[in-house]
Amino acid sequence: MRSHTKYAIAVATAALTGAACTGVAQASPTAHRTASAATRAAAPSACRPANHLARVTQDQASSGHSHYRVTLTAPRGYEPCTLAGSPTDVRFSRNGGQVAVAAGRYGDQKAPVTFGPGHPVHFDIQVPGQGRGAAADEVAFTLRAPDGEIPGTSVGEGTLTVTPGTLVGPVQSGA
């Protein structure tokens, strides 16, 4: 009988000690917020090519030009970043083959723009000649930050037509 009583007391003591330890091990709400902030700060940048999506859509034409809008969006979980100017190394392709049209750039190349989850951005592709030219279904480009290029190549898909004299505008806020 004594051994059963000692066993029951030992089990009850272990249960109480375990409950007390659980209470001690819990983080305070302040510590939780600090850990969450550290996790957010460690999130990858939305500006990295693998961390955003790009889509090409036809935009409103202007006098003698076709326009295409390349919209970049970033899903939740990525850290916002700052872009500036027109993308560089812009290349067009169709069905995987490169289209031989080089693109210049226009507009303010220094204005900073915030990009990240909930903050889409876009840039314009201006094509002279209102649609006469080479068909493409993809545009590859390198984004720029205020202090230089962002490593890697971003790719946007969508139907467009390009010609010599095509220009790429600076990144702007909004979809």
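The values are calculated or read from the model by the stated rules, or taken from the named source; none is laboratory data. Note that the coordinates shown come from a computational prediction; the quantities given were computed from them, not determined experimentally. No Cβ is skipped: glycine too gets one built from the backbone with ideal geometry, and neighbour counts run over all protein chains shown. Please note that ligands, DNA and RNA were not included when accessible areas were found on the heavy atoms of the full protein model with its side chains. Shrake-Rupley method; radii C 1.70, N 1.55, O 1.52, S 1.80 Å.
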> At a 1.4 Å probe, what is the % contribution of carbon and sulfur to the accessible area of the range 48-132?
Replying inline: 46 percent
> Contour minus end-to-end for GLU149 and ALA50, with contour as 0.36 nm per residue of separation and end-to-end as the Cα-Cα distance?
Replying inline: 34.1 nm
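Using a 1.4 angstrom probe, figure out how much accessible area the range 41-93 has per residue, in square angstrom, rounded to the nearest whole.
49 Å²
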> Which percent, nearest 5, of DSSP beta bridges in the range 46-175 are antiparallel?
Replying inline: 90 percent
> Given charges of +1 on the Cβ of Lys and Arg and -1 on the Cβ of Asp and Glu, with all other atoms neutral, how large is the dipole of the range 105-149 about its Cα centre, in debye to the nearest 20?
Replying inline: 140 debye
> What net charge do the residues around ARG144 carry, taking every other residue with its C-beta under 13 Å from that of ARG144, with Lys and Arg at +1 and Asp and Glu at -1?
Replying inline: -2
> Treating the beta-carbon of each Lys and Arg as +1 and of each Asp and Glu as -1, no other charges, what is the dipole magnitude of the range 45-171 about its Cα centre, to the nearest 20 debye?
Replying inline: 100 debye
